[in-house]
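Q: Dropping a structure here in structure tokens format, bear with me for questions.
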Amino acid sequence: MALPPTVAALWSELEAVREKVLKEVEGLSQAQADWRPSDTDWSVGEILHHLTLAEINTGKLTSKLIKEVTAAGKLAPFPPDLKAFAPLPPSPPGPAEAPPVVRPEKGHPIGQLLADMKATRERSRQSIERLASVDSRPLTWKHFALGELNLAQWWMLQARHDADHLQQLRAVKASRGFPGA
């Protein structure tokens, strides 16, 4: 499906940052994926699991919001004159604790984490195509730290979220004591 330019730009951003995440973890061993800089830091594997959980939940939110608006008979098509989505609010300063629904588990095999991440992205393409067919502005849900976001902003947040955790991945790998291959 050809995406409207605003949605195509969002998809490109999602794909570009995900490509960087995958490149950053390419070839890591299980020991490297499981290693934590400290008891309170996440491992590479936990970061990957968290990113996948967050994206799965954004996809579920997409389905939920579109289903609710459709059932209410209020689904509007994508506005052809929409040139840009509303920007995301700034992130609060400092680290945030992940809500339970996206809190990662440790110890998953690195190969499975990567396969799950890639499969989730393939399903996300379907969500993005659904986003491209509706007016996302009235489809809103409250984020625990950022407040009310519309559906496009939730997907923009997914790209920002991946970029934030890309920096975290790099920091884990650069930490003193990170295991060699």
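The values are calculated or read from the model by the stated rules, or taken from the named source; none is laboratory data. No experiment lies behind these values; they were computed from the predicted model shown. Here the Cβ is made from the backbone with ideal geometry for all residues, glycine too, and neighbour counts use every protein chain on show.
Q: Identify the residue in the range 65-116 that is touching a strand residue (DSSP E or B) at 6+ places or on another chain (Cβ under 7 Å) and not in a loop (DSSP other than H, G, I, E, B) and, among all such residues, is nearest to A171 (Cα to Cα).
A: L65
Q: Are there any pairs with C-beta distances below 7 angstrom linking a residue in the range 104-119 that is among the acidic types (D, E) to a residue that is at pLDDT 95 or above and not in a loop (DSSP other than H, G, I, E, B), with the two at least 6 apart or on different chains, and if so which?
A: E105/H49; D116/T52
Matching residues to (1) at pLDDT 95 or above; (2) closer than 18 Å to L151 by Cα:
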residue	(1), (2)
E19	yes, no
L22	yes, no
A33	yes, no
E46	yes, no
H49	yes, no
L65	yes, yes
F85	yes, yes
S91	no, yes
A96	no, no
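Q: I would also like to ask the following. Give me the residue from the range 129-139 that is touching a residue at least 60 places away in the same chain (Cβ under 8 Å) and farther than 11 Å from L75 by Cβ and, out of that set, surrounded by the fewest Cβ atoms within 10 Å (Cβ to Cβ).
A: It comes out as E129.
Q: Please state which one of Q168, Q153, Q126 is exposed (fewer than 14 other Cβ atoms within 10 Å of the Cβ), on the phi < 0 side of the Ramachandran plot and modelled with pLDDT of 95 or more.
A: Q126
Q: When the residues of the range 94-121 are filtered to those that are among the acidic types (D, E) and more than 10 Å from E46 (Cβ to Cβ), which remaining residue is surrounded by the most Cβ atoms within 10 Å (Cβ to Cβ)?
A: Per the criteria, the residue is D116.
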